[in-house]
Amino acid sequence: MPDIEDHWSIKDFLGGIIGGAALSAVGVMMVINPTGGDEMATQGRRGLIKLLMKYIWSTPGGIIVALIGLGIVALTVHAMMTQYKEKNED
């Protein structure tokens, strides 16, 4: 079996950090305004996405989404630290 090295680029790190932070921000918005999904009309373009957001837009949903976003940020930072440590050991 070949030994494959997995190195992340700066795009991967920024994508993980920015994407996780954006997901966390949406989760915080869901906690602050738990009735925000009730105002959405579910007709027209992207009706299914709007319908899904309407059902998960609540305080418990916001907590879950925020935790997922923070988990993405934490795992990205962990991957950055691990890669930096491996690079310095070589």
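Structural remarks
- Between 0 and 90 degrees, the angle of helix 10-32 with respect to the longest Cα principal axis of the chain falls at about 30 degrees.
- Rg ratio (alpha-carbon, reference 2.2 N^0.38 Å) - the chain: 1.48
- Taking Cα atoms only, the orientation of helix 47-56 departs from the longest principal axis of the chain by about 90 degrees.
Each value in this text was obtained by applying a stated rule to the coordinates, not by laboratory testing. Because the structure is predicted, anything quoted here is derived from the model rather than measured.
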